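The values are calculated or read from the model by the stated rules, or taken from the named source; none is laboratory data. Everything quoted here is computed from the prediction, not taken from an experiment. Reconstructed Cβ throughout: ideal geometry from the backbone, glycine too, with neighbour counts over all protein chains shown.
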Amino acid sequence: MSMAAQPLTAEDPALSPWWLRTMLIVMVVGFATLIAITSLAYRNAPPIPVHVVDAEGATLFSGEDIRDGQTIFLKYGLMANGSIWGHGAYLGPDYSADALHRIGEDTAAAIAQQQYQQPLATLTPAQQAAVHAQTAVDLKTNRYDDASKTLHLTAPETAAYRQQIGYWTGYFLEPARNGGLKPGLITDPTELRQFTAFVTWAAWASVANRPGETHSYTNNFPYDPSVGNTPIADALLWSALSLIVLLAGVAAVLLAFGKFDYLGWISRGQHIHPHLVPGLASPGQRALVKFFVVVALLFLMQTLVGGAVAHYRADPGSFYGFQLERIFPSNLMRTWHLQTAIFWIATAYVAAALFLGRTLRSDEPRWFAGWVHLLFAAFAIVIAGSLLGEWLGISQMLGQWWFWLGNQGWEFLELGRIWQYLLVVGLLVWFAMLWTLVRPRMLSEPAAKPLVTMFLFAAVAIPVFYIPALFYGAKTNYTVVDTWRFWIIHLWVEGFFEFFATTVVALTFYQLGLTRRNVALRVIYLDGILYFAGGLIGTGHHWYFTGHTNFNMAMSAIFSVLEVVPLTLLTLDAWDFVRTTRGDCDVCGKTIVIPHKWTFYFLMSVGFWNFVGAGMFGFLINLPIVSYYEIGTQLTPNHGHAAMMGVFGMLALALMVFVLRQASDDARWSGMEKYVKVGFWGTNVGLAMMVTLSLFPSGVLQVWDVVQNGYWHARSLDYIGSNRSRMIEWMRLPGDLVFILGGAVPLAIAAFKGWMGLHRPADN
């Protein structure tokens with residue numbers, strides 16, 4: 001053992017207070033910068049004009065039409081079909097890119113006729129180049145008058161706007177042409193005009209130069225050389241500099257791990273043995289097992305609707321001969337796919353935290369089991385009510401209540417506003433239960449107090465940092481909404497849930513006797529320091545092209561690359577998760593038998609997918625210059641599947657398996673273990689097949705098409721419906737089948753058997 005290793009003592013001395021101080025300092029600085037960037041979104045967002053007029057000064061549409069058009073976009077769930085500025089779904093086009101290219105074509109045609117009295121296609125290459133250069137100049141010229149709040153469109157832009165109303169009318173008619181929307185989704189002329197106003201505004205913001213700059217409000221996104229949209233210099237500069245920061249960060253942390261061998265998950269040279277005995281669950285813990293039946297069923301539902309979404313890309317006109325879109329259109333399927341993922345993962349974390357919290361006490365409060373039942377009922381109401389509401393909302397059956405009870409329309413935050421309020425209340429009740437359960441004076445082991453303090457600190461962040469989801473409405477400026485939206489997607493889902501998960505795993509290791517208190521504390525502090533250093537400011541890598549200025553690009557590019565560093569460390573410790581199941585005590589020489597083999601196997605897969613999905617694939621699309629071409633292509637769901645399922649999903653499954661094992665005696669577990677084993681291999685092999693056979697190659701080819709033909713083309717039906725693209729989509733089917741039949745189904749059986757097994761002794 002090196003001199004840097006922790007000494008063998010009966011008790012752990014208190015850690016240096018600078019661990020906690022450093023984490024808090026990093027967190028304060030990170031949040032201060034993030035709040036500053038967020039405040040700038042209000043100031044620098046693309047303006048919504050009061051009036052939009054043609055060359056003669058006649059009003060074409062108003063600012064209220066733009067806001068109403070955004071409402072139409074949300075009410076009909078179109079963000080679960082296509083995207084604006086790259087953010088949204090991938091079945092349909094990027095509406096802003098499509099509108100921009102059509103405006104560019106109409107402008108070029110008008111210039112060609114005006115200057116050469118010929119159609120553009122008949123001109124010489126030199127003449128065509130001159131026309132496109134003039135088109136870029138015309139469209140890049142910002143004709144918004146801030147004093148009068150009026151936007152002036154040229155004659156070609158006006159003609160393009162009017163023609164687009166007919167184009168979008170046709171788009172919404174036929175499911176085979178729009179990625180599986182309900183036939184004739186939007187037919188009302190007023191709604192079609194308002195929707196066109198919204199996408200026209202989004203296209204204008206994509207190309208018109210920001211005042212005082214030589215690039216647009218969206219930093220020249222989307223890529224379309226025909227209208228003058230090419231990468232800005234900042235995207236190249238900050239991408240290059242971020243690589244230097246990444247190498248420096250990895251080197252610094254690896255140096256620290258090399259020098260101080262007490263860093264990491266696993267204790268070495270310590271006298272440690274398990275403290276928890278499987279099969280001796282308390283009544284409250286037994287009541288928590290039903291949460292994991294819901295987890296397993298939601299997981300199964302997510303995989304089934306995910307398969308349907310994938311089929312809409314492969315064969316949008318038919319679902320094996322059945323017109324599925326008439327009942328379950330693609331935008332509803334994708335909404336459910338995202339919402340069920342968030343629900344089952346969050347439910348697993350919430351239930352596992354209460355289960356683990358109970359292990360910290362020698363007694364069980366009389367109120368605990370009853371409140372577990374009430375919390376379960378509350379979660380069931382929110383989950384079932386929101387999923388049903390989304391169906392009714394997208395089906396236009398809720399009238400004016402669509403935003404409150406149905407589907408808000410924002411990607412990842414589709415559930416109605418009332419369900420969001422109830423979710424916040426439910427999470428606050430959960431935290432109150434957790435705090436009452438494990439407050440310091442109730443602990444059976446006072447030495448665990450520092451761990452429990454961090455556990456509660458991470459837990460309270462879950463309800464608190466979901467609150468920004470309530471900061472906007474259907475008509476709030478798109479840039480502002482997308483800013484707050486990623487406070488949830490990145491900070492809540494990818495951030496504080498990740499930090500909370502770290503505390504849960506560390507506390508689990510401690511309770512199982514696999515690690516000393518100080519080792520667990522160091523892991524929590526180090527993860528917090530590294531996450532807050534990169535993840536807070538790094539939230540802005542989602543905002544490169546949504547109306548933010550280059551200040552955000554500089555900050556987020558530099559700091560977001562540091563998110564890879566803690567993922568590298570987790571990979572270094574991945575094998576230790578398996579080694580702990582069959583190790584020997586370094587001090588007494590006795591064999592350590594840990595009856596949680598499959599829990600640790602799932603944890604090992606978390607380490608693998610964290611590095612591959614969040615690290616490799618996440619880092620790839622974090623660079624501004626790569627994100628410029630990649631955002632909204634299949635490389636995005638490639639990263640999403642590998643990171644969301646591979647990291648958060650596998651961790652949730654690890655916690656489910658842990659609870660099921662702790663709540664089952666050896667006899668019951670022997671009947672469940674085979675299903676868990678199959679589920680482990682099915683989920684991991686199926687996910688690997690999805691990524692390697694379909695998502696990654698499809699994404700690479702789509703990015704290539706972006707570079708060759710422009711972003712609008714790579715997101716168009718012409719590309720998505722091509723034979724090559726369809727073939728790659730069909731190649732996803734084997735991975736989906738392995739994942740569903742070999743992963744989700746066996747795990748659902750295991751969860752159901754574990755829950756039913758708890759009731760058999762009472763029946764006998």
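None of N407, N477 is crowded, with 21+ Cβ neighbours inside 10 Å, over 26 Å from R286 (Cβ atoms) and of a type in the set (S, T, N, Q) except N407.
The residue of the stretch 146-195 that is nearest to I48 (Cα to Cα), among those that are β-branched (V, I, T) and in contact with a strand residue (DSSP E or B) (Cβ under 8 Å, 6 or more places away or on another chain), is T150. Considering only the stretch 62-73, I want to know if a residue exists there that is modelled with pLDDT under 95 and either part of a helix (DSSP H, G or I) or closer than 23 Å to S216 by Cα (or both). No, the stretch 62-73 contains no residue that is modelled with pLDDT under 95 and either part of a helix (DSSP H, G or I) or closer than 23 Å to S216 by Cα (or both). Residues that are at pLDDT 95 or above and either outside any helix (DSSP H, G or I) or in contact with a strand residue (DSSP E or B) (Cβ under 7 Å, 6 or more places away or on another chain) (or both) within the stretch 417-459 are absent altogether. Look at (1) buried (at least 16 other Cβ atoms within 10 Å of the Cβ); (2) of a type in the set (K, R); (3) at pLDDT below 95 and you find that R334 fails only one, number (3).
Residues being assigned to a helix (DSSP H, G or I) and at pLDDT 85 or above: count how many of those fall in the stretch 539-574. Don't jump to the end; show me each part of the working.
First, the residues of the stretch 539-574 that are assigned to a helix (DSSP H, G or I): 539-542, 550-572, 574.
Going one step further and asking which of them are at pLDDT 85 or above, we end up with 539-542, 550-560.
Going through the stretch 539-574 one residue at a time, the tally reaches 15.
When the test is whether a residue is closer than 18 Å to N81 by Cβ and touching a residue at least 60 places away in the same chain (Cβ under 8 Å), R326 passes it.
Condition first: buried (at least 23 other Cβ atoms within 10 Å of the Cβ), farther than 30 Å from M727 by Cα, under 18 Å from the mean Cα position of the chain (by Cα) and at pLDDT 95 or above. Can you find one or more residues in the stretch 348-368 that meet it? Yes, the conditions are met somewhere in the stretch 348-368. Within the stretch 714-724, being within 23 Å of E105 (Cβ to Cβ), without any contact (Cβ under 8 Å) to a residue 40 or more places away in the chain and part of a helix (DSSP H, G or I) holds for D718, Y719.
Among the residues of the stretch 633-682, those that are closer than 30 Å to V703 by Cβ, among the β-branched types (V, I, T) and part of a helix (DSSP H, G or I) comprise T636, V647.
Among the residues of the stretch 705-764, those that are among the basic types (K, R) and crowded, with 16+ Cβ neighbours inside 10 Å comprise R715, R732, K753.
Residue pairs whose Cβ atoms lie under 9 Å apart, sitting 6 or more positions apart in sequence or on different chains, and linking a residue in the stretch 506-517 that is within 14 Å of L356 (Cα to Cα) to a partner that is in a helix (DSSP H, G or I) and among the acidic types (D, E), are A506/D527.
With respect to Y217, determine if the residue is under 30 Å from the mean Cα position of the chain (by Cα), of a type in the set (F, W, Y) and closer than 21 Å to P624 by Cβ. It is true that Y217 is under 30 Å from the mean Cα position of the chain (by Cα), of a type in the set (F, W, Y) and closer than 21 Å to P624 by Cβ.
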